[in-house]
Structures are given as structure tokens and as C-alpha cells.
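Report on the following structure.
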Amino acid sequence: QVQLVESGGGLVQPGGSLRLSCVASGIFFSIFEMGWYRQAPGKQRELVALITSASSINYADSVKGRFTISRDNAKNTVYLQMNSLNSEDTAVYYCNARRISSGYWGKGTLVNVSS
């Protein structure tokens, strides 16, 4: 059974930082492309950052220079370091694992940027 479990969300003030983690089980983690997506209230889910099995990385333009994605294959974990957070970053953040025709989602963790 595949599981992706996100953690690290919460309430943070504008300008603050959070680090999200996603622990995967039931997959051969190192060969999967891992991604972070987010969905704000009333909006569609959107890509935040991707890291391939070869550790190539892509970011959404809105988070470039502020967010950093990384992975630790030994721990089956992908991270998202988020700095300089603002109200537009408020959303539920989801972890995604993808390889060819297989794709899996976590249940999400809420990030609320508010003063």
C-alpha cells in the first residue's frame, strides 16, 4: 500500500519560514519524480516544485528564489523549505509521487500565512 504523509504545515506570519516534509512508503522512492503542489481556497491545484529521480528541479515562477525542494532517498522523504512567505502562499500543500503511468497523492498539510 502506497502512502505519502505530509507534515510541517501550520500558521506563520508574513515573512516567516516553514519546512514541509513528505515521507513515502510502499514505493521504490528513489526512482520516482516527487513534487509539491498547492491548492488555495477557490483555486485549482497548482505545481509548486518538482524534483526528478536525477535531482533535476523545477519551480513555479511564483516561488523561485523563496522555496527550495530537496529529497533524501535514504529516508524516503522529500522536503520543501519555504522562506519569505506571504499571504498568497496560503494553501493546502500536497505531496505527489509520479513515475510513468503511476501517480500518488498525500492528503495534504495546511499552510496559513497570516498576521
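Points to keep in mind about this one:
- Per residue, the convex hull spanned by the Cα atoms of the stretch 14-53 amounts to 107 cubic angstrom.
- Cleavage-rule hits, trypsin sites (Lys or Arg not before Pro), the stretch 1-60, DSSP coil, Cβ neighbours within 10 Å at most 13: LYS43
- Accessible area (Å², per residue) of the chain, counting only protein heavy atoms and a probe of 1.4 Å: 54
- At the residue level, LYS75 shows approximately 120 square angstrom of accessible surface with a 1.4 angstrom probe and all protein chains present.
- Measuring nothing but protein heavy atoms, the accessible surface of the chain at 1.4 Å probe radius is 46 percent carbon and sulfur.
- Convex hull volume of the C-alpha atoms in the chain, normalised per residue: 96 Å³.
- DSSP-loop chymotrypsin sites (Phe, Trp or Tyr not before Pro) across the stretch 1-53, with at most 12 other Cβ within 10 angstrom: PHE28
- Rounded to whole Å, sorted largest first: equivalent-ellipsoid semi-axes of the stretch 9-77, Cα gyration tensor: 23, 14, 13
- Ranking ASN83, GLY8, PHE28 by how far each Cα lies toward the positive end of the dipole of the chain (charges on Cβ) leaves PHE28 at the top.
The values are calculated or read from the model by the stated rules, or taken from the named source; none is laboratory data. Since the structure is predicted, the reported quantities are computational estimates derived from the model, not experimental observations. For neighbour counting, all protein chains shown are included, and Cβ atoms are generated from backbone atoms with ideal geometry for every residue, glycine included. For accessibility, only protein heavy atoms count, side chains too; no ligands or nucleic acids. Shrake-Rupley method; radii C 1.70, N 1.55, O 1.52, S 1.80 Å.
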